[in-house]
1. Measuring from the lowest to the highest alpha carbon on each principal axis, how far does region 40-85 reach, largest first, in angstroms?
2. Please report the relative contact order for region 40-85, taking Cα pairs under 8 Å with a sequence separation of at least 6, and give it as a percent rounded to a whole number.
3. Across the Cα atoms of region 248-289, what radius of gyration and what greatest pairwise Cα-Cα distance (Dmax) are found, in Å?
4. Give the Rg/Rh ratio for region 262-338, taking Rg as the radius of gyration of the Cα atoms and Rh as the Kirkwood radius, to two decimals.
């Protein structure tokens, strides 16, 4: 493009054209041979997992999370072969509202338990997925700076992908793989919203609820559903000017717990205060966790709860497969849009449309 300054109307002023700019794309890029990941069998994955190979464990978890049928076939074989080596860990679910300090607390908790008992720790962090783009940031490692570089810790962020209200659909299978790889402590961190707490409660031995004080109406934190699931409640950020507010909040939560029926385990949930940032009160929290584990193992509730969880996940898997089978049915897919249009036009009720679709679906199943 010619510079206007080179016009004859500008006397004594000339602008050089300059040099041609090189392309921003590396011309040698297309000639570089692409390295292809070697194809691995289920035996390769199982052998690597049992040896504690973190790379193969991570790749196996990716297969478990994949929706491709070929990946699922290999993943299920790996899970079944790892199952006999699982079940020996302590599984702790950690939940709380966004901003309660879950990731910072897990960083402090993880270092404490590794120093206290040794062994290996796996952190399965569930990251919320965008409803619009379906993407996740998967940035929990950045808030677990010390654990992220610890040789005995494995942090695996997973996208929630809209399943189970925020808990990744395959977290339970990932727990099995981590246990087979020698991880004797498993932390499951939830998104902290909606149905996610119920799903996490159904896969852990101890459910820890993190709350905050001094954020307004304390009754907002006293919700019956989540409170009844908690085996222990901890008030974070109990330091500095917030210390007295944290103690007051703890007293309010203790009073609220007296209003609920006694848990099946026979354990009375405790309410403690701590500071995740300053590392204050961490030992007392883990004294509580280990006291609970010893208590429920002695009275038989530990194994009962794990059996109930296995049954729960069997039914959840059945429901998931039925839902997938219905919506992927080639006869139902076009009929679904048609009935949806009739409902929106007011020509058919929602319930009648659902009955027609289900009847058609069961007809296609019977004909098979």
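1. The Cα atoms of region 40-85 stretch 27, 21, 15 Å along the principal axes, largest first.
2. Values: 29 pairs, mean separation 19.3, N = 46.
Averaging sequence separation for qualifying contacts and normalising by length gives 42 percent for region 40-85.
3. 12.2, 35
4. Computed over Cα atoms, the ratio is 1.31.
Coordinate-derived values only; no laboratory data. Computed from a predicted model, the values in this text were never measured in an experiment.
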